[in-house]
1. Which value in nm describes the separation of the simple spin-label points at Phe112 and Gln34, placed 7 Å from the Cα toward the beta carbon?
2. Full-extension gain between Arg44 and Thr91, please, as 0.36 nm times their residue separation minus the C-alpha to C-alpha distance.
Amino acid sequence: MSEKTVDNVSFRALADSVGDLGVQMEVERLLVKQFALEQQELTRTTSLVQTSGSHRTATKKQRSKANLISYFLNFGYVVYGTVRSHVVRVTNNGHFPASFAPEKSFLSGSGFGVELDRVRNLPVNQIMKVLNSW
């Protein structure tokens, strides 16, 4: 996915530099909109390439995944041998149910844990709490 820019500054960089939650939410909305438009164009292009007389067997398509802004969770000072926990609230502010999963591959061996495997179809305006521990 090519990243859109405003005056040669990426949306992600703009959101990371601004602490206002409303601005960050608007940037995420624009990222999702950009992703949807790119997927629509990709689907239109691939459907034009396929011929109506083609009798290929249907294969499972890999769904593209939108990448949103990364957020940092500051636990402050953590003393060796102790466990610190922090609850993060995730809200679906979109117009459709949302599904997502954290990328846990980066966490292996780090001591950081997320008590969430996958969320499927989080309803609109629904808030979910996720426990993170160090």
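1. Result for the modelled spin labels: 2.3 nm.
2. Between Arg44 and Thr91, full extension yields an extra 13.8 nm.
Since every read-out is calculated from the coordinates, none of them should be taken as a lab result. None of these values were measured; they are calculated from a predicted model. As a convention, Cβ positions derive from the backbone with ideal geometry for all residues, glycine included, and neighbour counts pool all protein chains shown.
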